[in-house]
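Shown next, in structure tokens, is the structure this report addresses.
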Amino acid sequence: MNEKHDKTEAAGDPPVLTTADLAKLEERFDPEMRFRSLGRSLTILSATIMFLLSCYHFYTAGYGIPRATTHRGIHMAVTIFLVFLSFSAFSDRPVRAGILAPFGLPLADWVLAIAGAVAALYVPWIYDQLAFRVGNPLPIDIVMGTILIVVLLEATRRSMGWPLPVIAILFMAYAYFGRSMPGILVHPGASWSNIVNHLYLTSQGIYGTALGVIATYVFHFVLFGVMATKIGLGQLFIDLASALAGRYAGGPAKVAVLSSAMLGSISGSSIANTVTTGALTIPAMIRIGYPRHFAAAVEAAASTGGQITPPVMGAVAFLMIEYLGLPLTTILTAALVPAFMHFFGVLVQVHLEARRLGLRGLSRDELPNAWRVFKSGWLSTVPLILLIVVLLSGRTPFAAAFWAITSCIAVLLVQKLIAMGVVRGLRAAAEDLWEGFVLGAKQSLAITAAAALVGVVIGVVTLTGVGFKIAYMVTGVAADWATSVSGWLSVLPFEVMGVGALTLLFTLLLTAVVCILMGCGIPTTANYIIMVAVAAPILGLLGVQPLVAHFFVFYYGVLADITPPVAMAAYAAAGIAGGNAFKAGNTAFRLGMGKVLVPFVFAFSPSLLLVTDGFTWGAFFLAAGGAALGIWALASAVSNWLFAPLHLIERVVLVLAALLLVAPDLMATALGIALMIPIILRQMMGVWPVRRVAR
């Protein structure tokens, strides 16, 4: 790292951002939050519909969900209507009310909103006749299906940008022009009528699992996250993290890691997590001497970890329930160790960087008291505790969400009554409840539109069988590479990896690259759904357990949030820090290397996930211990610090040791440890004096 540049970048006070500035920053880097400005009438209308949508989901979570197609249709219809009210087509410039813009909304938006809602409700309306219509659709079915597909493309483009609509269009083109496709990709092709029939009238398309999970699980947990924030749970997490970790070297950076881990456990958005905690932690990191880009990278890397942290996991945990048919407790248990490894990797690098730069922790006067923080805010932890207890009891996730949201409302009421008295307290609680329910629905709009459009992609995959064709192509390429590399390695006196293991390694590398590239353009949840349909079969052909395959594609999809050139979480953090955005993205990727390495570890040693077939404690401790040591070794190499500065040859040896340590093999782990020991001893014995890099 360039020391002169670090000094310059760290100099000066960090920029002071208001709440409005932070909101604009979040909108800039998160398309899902770019809501248009509405006039008073439309604001009241949209807020009322959003509040009622939240009430509907809150009620159905506690008292029973209607028939699946009806429930999904209602949710999608209301969401589509709200998307066209909430997101503008191209710019957010105010529109003057008139004949072409009733109530200040363009007439085209009214047409799209109403047409989309009607088309979404059409399938539930004719549900009893579907058995006779699937495979033999009426002209009105094709018209309605076409309308819904077109409207979904536009709704997703407005709320999330172009990438996902373009992917959906390409998949539909593939289904239609199948006879013209090259090589193994050729297929008989399908008429537009057949495509619409499959995507619109069956449960394999728009009304499929993706939309079902959003309407049945995800909406409730988004609402819970909003309500938990309303009662102060997020602020409690930040204050507790400050009290626990702030005093140690580089304290604010460690606070950022811990607070982001805790807040991320109830938040489904990397960017929202970055902005919420980063507003406090990034300026503090800069003040004690961290370079601006590094401070931004720490917050971004930690915040993306929230999406892999139980119990919410950015909504993907609930998709896994449907796809894998496993209990939620199994999914959450499997996520524990990999999530720990990610945060461990970030913490280690933060600590080493603080030691390298000689940075202090926060003083006692700068820190809150942990006991006082918990004593004043313990009531806000009740909903989260209740959520976990109900989940672990075996009840359905939406039942757990119902009781958690109910307890949030109760806690909110108690807090307001104690602080303001009966009359003012009731009024304030009602206002916060209204705002929370409106915001919860608002934050679910984009992901619902995306999930419905992802159903188009999944429908084409099931209609054409392209997923298995891609799987065959990828495994074929990986096998060829493995054969070539195996020939090169045969000159060694011992076997490093067989052809089978090399084939799996190259397949994982190719899958990881595709997941990251897909994640650069679409949100984590949508990326996961598509990659499960396309990439999971690839790993399945090589004998990878389904749970392992799902976690692998999920982790690499999340990694896209801190992978340049489209590292949105890192860019948002750089906006707070006033630092170089691209350097922040590169550094955040480096800090997230635990998330890079660990999926390969559990792919070769599934015992790391605790609940896979063939689990043994011996395999678990070998994989977990090796992964932790490997992350430490690699962190030291890239940070140029272990207990003191490292020589170039030592850094190279540590990289080699890290690669051996993360390989879940006893001989490789022993060899990795053997390579590390001389470097550790040399540094601990102080053969060369410890020097500090000038700040």
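Key figures for this structure:
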| quantity | calculated |
| --- | --- |
| Failed item, numbered, when Val134 is tested on (1) surrounded by 16 or more Cβ atoms within 10 Å (Cβ to Cβ); (2) in contact (Cβ under 8 Å) with a residue 40 or more places away in the chain; (3) not basic (Lys, Arg) | (1) |
| Single residue of segment 565-607 satisfying the filter (open to solvent by 40 Å² or more (accessible area, probe 1.4 Å) and of a type in the set (Lys, Arg)) that is farthest from the chain's Cα centre (by Cα) | Lys583 |
| Close pairs from segment 426-443: first in contact (Cβ under 8 Å) with a residue 40 or more places away in the chain, partner among the small types (Gly, Ala, Ser), Cβ under 6 Å, at least 6 apart | Phe437/Ser54; Val438/Ala47; Gly440/Ser54; Ala441/Ser54 |
| Odd one out for Ala536, checked against (1) small (Gly, Ala, Ser); (2) closer than 17 Å to Leu517 by Cα; (3) touching a residue at least 24 places away in the same chain (Cβ under 8 Å); (4) open to solvent by 10 Å² or more (accessible area, probe 1.4 Å) | (3) |
| Options Gly64, Gly104, Gly116, Gly98; residue that is at pLDDT 90 or above and either out of contact with any Cys (no Cβ under 6 Å at 6 or more places or on another chain) or of a type in the set (Val, Ile, Thr) (or both) | Gly116 |
| Pairs, first under 17 Å from Gly594 (Cα atoms) in segment 631-644, second of a type in the set (S, T, N, Q) and in a helix (DSSP H, G or I), C-beta under 8 Å, six or more apart | Ala635/Gln349; Val638/Gln349; Ser639/Gln349 |
| Lys416, sole failed condition from (1) open to solvent by 10 Å² or more (accessible area, probe 1.4 Å); (2) out of contact with any Gly (no Cβ under 6 Å at 6 or more places or on another chain) | (2) |
| Any hit, segment 181-195, residues being more than 22 Å from Val456 (Cα to Cα) and assigned to a loop (DSSP other than H, G, I, E, B) | yes |
| Selected residue (only one of Ala633, Ala637, Ala572 is of a type in the set (A, V, I, L, M), outside any loop (DSSP other than H, G, I, E, B), farther than 29 Å from Ile538 by Cα and touching a Phe, Trp or Tyr at 6+ places or on another chain (Cβ under 6 Å)) | Ala572 |
| Candidates Thr448, Thr475, Thr511, filtered to the one that is among the hydroxyl-bearing types (Ser, Thr, Tyr), within 30 Å of His75 (Cβ to Cβ) and within 32 Å of the chain's Cα centre (by Cα) | Thr448 |
| Counted residues, segment 640-672 - those being open to solvent by 60 Å² or more (accessible area, probe 1.4 Å) and part of a helix (DSSP H, G or I) | 9 |
| Ala155 being within 21 Å of Ala446 (Cβ to Cβ), in a helix (DSSP H, G or I) and either modelled with pLDDT of 95 or more or among the aliphatic types (A, V, I, L, M) (or both) | yes |
| Residue tally, condition in contact with an Asp or Glu (Cβ under 9 Å, 6 or more places away or on another chain) and open to solvent by less than 10 Å² (accessible area, probe 1.4 Å), over segment 151-166 | 2 |
| Restricting segment 234-259 to residues that are open to solvent by less than 10 Å² (accessible area, probe 1.4 Å) and not in a helix (DSSP H, G or I), the residue that is nearest to Glu366 (Cα to Cα) | Gly246 |
| Cβ pairs under 6 Å, 6+ apart, first in segment 475-488 and closer than 17 Å to Leu541 by Cα, second open to solvent by 60 Å² or more (accessible area, probe 1.4 Å) and in a helix (DSSP H, G or I) | Thr475/Leu541; Ala482/Val499 |
| Any hit, segment 492-515, residues being open to solvent by 30 Å² or more (accessible area, probe 1.4 Å), out of contact with any Gly (no Cβ under 6 Å at 6 or more places or on another chain) and within 19 Å of Leu164 (Cα to Cα) | yes |
| Some residue of segment 520-532 being free of Cβ contacts under 8 Å to residues at least 40 places away in the same chain and open to solvent by less than 10 Å² (accessible area, probe 1.4 Å) | yes |
| Number of the exception - Val466 against (1) under 30 Å from Arg72 (Cα atoms); (2) modelled with pLDDT under 90; (3) open to solvent by 50 Å² or more (accessible area, probe 1.4 Å) | (3) |
| Filter result for Val423 (open to solvent by less than 40 Å² (accessible area, probe 1.4 Å) and not hydroxyl-bearing (Ser, Thr, Tyr)) | no |
| Of the criteria (1) at negative phi; (2) surrounded by fewer than 21 Cβ atoms within 10 Å (Cβ to Cβ), which one Gly614 fails | (1) |
| Options Val454, Val474: the member that is crowded, with 21+ Cβ neighbours inside 10 Å, β-branched (Val, Ile, Thr), part of a helix (DSSP H, G or I) and at pLDDT 90 or above | Val454 |
| Matching option when the condition is touching a Lys or Arg at 6+ places or on another chain (Cβ under 6 Å) and at pLDDT 90 or above, among Phe87, Phe51, Phe58 | Phe87 |
| Segments classed as helices (runs of 4 or more DSSP H), wholly inside segment 31-129, with at least 1 members that are in contact (Cβ under 8 Å) with a residue 60 or more places away in the chain and open to solvent by 40 Å² or more (accessible area, probe 1.4 Å) | 40-63, 68-86 |
| Residue in segment 369-387 that is closer than 30 Å to Ser639 by Cβ and at pLDDT below 85 present | yes |
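The values are calculated or read from the model by the stated rules, or taken from the named source; none is laboratory data. Only a predicted model underlies this, so the values are computations on that prediction, with no experimental measurement involved. Glycine also receives a Cβ, built like all others from the backbone with ideal geometry; neighbour counts cover every protein chain displayed. We work out accessible area using only protein heavy atoms, side chains counted, and drop any ligands, DNA or RNA first. Shrake-Rupley method; radii C 1.70, N 1.55, O 1.52, S 1.80 Å.
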